[in-house]
Amino acid sequence: MSTVVSDKKVDSVQVKRYDLHSHTRFSDGKLSPEQLVDRATNFQLDVLAITDHDTTNALDIAKRYIQECGSKLELVNGIEFSTSWQNFEIHIVGLNIEPENNALKSLIISQQAARESRAIAMSEKLAKCGFDNMLEQAKLLAGEGSITRAHFAQVLLNQGAVTKMQSAFDKFIGKGKRAFVRPTWCDIATAVSAIHQAGGVAVIAHPMRYDMTAKWLRRLIIDFKNAGGDAMEIVLPQMNPEQRRLMLSYCLEYELYASLGSDFHYPSKWSDLGRNLILPESCKPVWQLWQS
Ligand code: AMP
Ligand code: MN
Ligand code: MN
Ligand code: MN
């Protein structure tokens, strides 16, 4: 029996696996940068962006660790800025940023100040709801990372005041609830500008999560485009097929690049790092903006 061996060269198209939205302990994620890198490597991701809330402090640690363990993982330097737009809190992800850029650093400082003053005011409101020493406890959980509402929710959960994180938002710290404090984030144009000055690309994070009508979402996208914004996340694990179709159609209509990510905070049954993340063929992938 003879074996036919073809000597025709076949181009090997490498399909990389990307996750461009994830968190570490430096904001409200539960893994250290090293643990996140290990998880990404074990899950055979090729490209990971770490996008902590209003901080870049995990990036250097992750980069060094990748070098030390000889992992082939490509790290994309990222951040997730909270912004105020109309009456909404809109998250803008910056990808491929230069963390040492001065405009970026100064925005991080003012966002951290906004986090600190909101945390103090939230703690005062929570005291009126009967919960003492919330600031100290939330800060203990946050450690050297950005202090977020997720930390306050965790304290309430640990104390048995609520039975799940979501309930802390629904009962106390979510928009319009008793201990809600209106944040003083920067506006979208400021976030986009700082990201651009740092050489990065600006991405609307999880557009389906803002509880907006289609009319408002279109207004958001138009304002974001007018501010110079580049891309929008259109593939996240929590999206249903209808949402995927809709976000893709906006992405094409408004000529935005497309991004994808798990918004990973910690391992859970419903979502994990890099799971089910594939962009539809008709869109322009956001990584073309830094690979070209
Ligand atoms: P912050 O940026 O301090 O307002 O905190 C927001 C973070 O809390 C988000 O990034 C989520 O990780 C988490 N979060 C926000 N809303 C909810 C919610 N309804 N249920 C659970 N976690 C939430
Ligand atoms: Mn978060
Ligand atoms: Mn977010
Ligand atoms: Mn996020």
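Checking Gln112, Gln67 one by one, the residue that is at pLDDT 95 or above, surrounded by fewer than 17 Cβ atoms within 10 Å (Cβ to Cβ), of a type in the set (S, T, N, Q) and within 26 Å of Leu277 (Cα to Cα) is Gln67 and no other. For Glu255, indicate whether it is more than 16 Å from ligand 3 (Cβ to nearest atom), more than 18 Å from Val15 (Cβ to Cβ) and either of a type in the set (Val, Ile, Thr) or part of a loop (DSSP other than H, G, I, E, B) (or both). Against the criterion (more than 16 Å from ligand 3 (Cβ to nearest atom), more than 18 Å from Val15 (Cβ to Cβ) and either of a type in the set (Val, Ile, Thr) or part of a loop (DSSP other than H, G, I, E, B) (or both)), Glu255 qualifies.
Please verify whether Ala194 is under 27 Å from Ser32 (Cβ atoms) and touching a Cys at 6+ places or on another chain (Cβ under 9 Å), treating the condition exactly as stated.
It is true that Ala194 is under 27 Å from Ser32 (Cβ atoms) and touching a Cys at 6+ places or on another chain (Cβ under 9 Å).
Taking the criterion of being within 16 Å of ligand 3 (Cβ to nearest atom) and closer than 16 Å to Gly94 by Cα, the residues of region 199-221 that qualify are Ala202, Val203, Ile204, Ala205, His206, Pro207. The number of residues in region 21-55 that are within 16 Å of ligand 3 (Cβ to nearest atom) and not small (Gly, Ala, Ser) comes to 12. Taking helices (runs of 4 or more DSSP H) as the structural unit, those lying wholly within region 136-226 and holding at least 2 residues that are exposed (fewer than 14 other Cβ atoms within 10 Å of the Cβ) and away from ligand 4 (no atom under 16 Å from the Cβ) correspond to 214-226. Being touching a Pro at 6+ places or on another chain (Cβ under 8 Å) and within 16 Å of ligand 2 (Cβ to nearest atom) is the filter here; which residues of region 202-239 pass it? Within region 202-239, just Glu233 meets the criteria. For region 157-185, a residue qualifies if it is more than 16 Å from ligand 2 (Cβ to nearest atom) and in contact with a Phe, Trp or Tyr (Cβ under 9 Å, 6 or more places away or on another chain), and the qualifying residues are Gln159, Ala161, Val162, Phe172, Lys177, Arg178, Ala179, Phe180.
Here Glu80 clears all of (1) touching a residue at least 60 places away in the same chain (Cβ under 8 Å); (2) more than 27 Å from Lys16 (Cβ to Cβ); (3) within 16 Å of the chain's Cα centre (by Cα) except the condition numbered (2).
Kindly establish whether Ser82 is within 16 Å of ligand 1 (Cβ to nearest atom), on the phi < 0 side of the Ramachandran plot and small (Gly, Ala, Ser). Taking the combined requirement at face value, the residue satisfies it.
Taking region 15-44 only, how many residues are in a loop (DSSP other than H, G, I, E, B), aliphatic (A, V, I, L, M) and surrounded by 24 or more Cβ atoms within 10 Å (Cβ to Cβ)?
At the first step, the residues of region 15-44 found to be in a loop (DSSP other than H, G, I, E, B) are 15-17, 20-21, 23-32, 43-44.
Retained after the next criterion (residues that are aliphatic (A, V, I, L, M)): 15, 20, 31.
The next check asks that each one be surrounded by 24 or more Cβ atoms within 10 Å (Cβ to Cβ); those that pass are 20.
Qualifying residue count, region 15-44: 1.
Looking only at region 227-253, residues that are away from ligand 4 (no atom under 16 Å from the Cβ) and touching a Cys at 6+ places or on another chain (Cβ under 7 Å) come to 3 in all. Look at (1) part of a helix (DSSP H, G or I); (2) among the aliphatic types (A, V, I, L, M); (3) under 23 Å from His196 (Cα atoms) and you find that Val76 fails only one, number (1). Among the residues of region 92-114, the ones that are within 15 Å of ligand 4 (Cβ to nearest atom) and either under 12 Å from Cys186 (Cβ atoms) or without any contact (Cβ under 8 Å) to a residue 24 or more places away in the chain (or both) come to 2 in all.
State whether one or more residues within region 113-129 are more than 16 Å from ligand 1 (Cβ to nearest atom), among the hydrophobic types (A, V, I, L, M, F, W, C), over 21 Å from Asn158 (Cα atoms) and not in a helix (DSSP H, G or I). No: region 113-129 contains no residue that is more than 16 Å from ligand 1 (Cβ to nearest atom), among the hydrophobic types (A, V, I, L, M, F, W, C), over 21 Å from Asn158 (Cα atoms) and not in a helix (DSSP H, G or I). Are any of the residues in region 258-278 at pLDDT below 95, within 16 Å of ligand 1 (Cβ to nearest atom) and of a type in the set (S, T, N, Q)? Checked against the condition, which is being at pLDDT below 95, within 16 Å of ligand 1 (Cβ to nearest atom) and of a type in the set (S, T, N, Q), region 258-278 yields at least one hit.
Can you confirm whether Asp54 is crowded, with 17+ Cβ neighbours inside 10 Å and either modelled with pLDDT under 95 or charged (D, E, K, R) (or both)? Yes, satisfied.
The values are calculated or read from the model by the stated rules, or taken from the named source; none is laboratory data. Small disclaimer: the values here were computed from a predicted structure and weren't measured. Ideal geometry is used to build each Cβ from the backbone, glycine not excepted, and the neighbour counts take in all protein chains shown.
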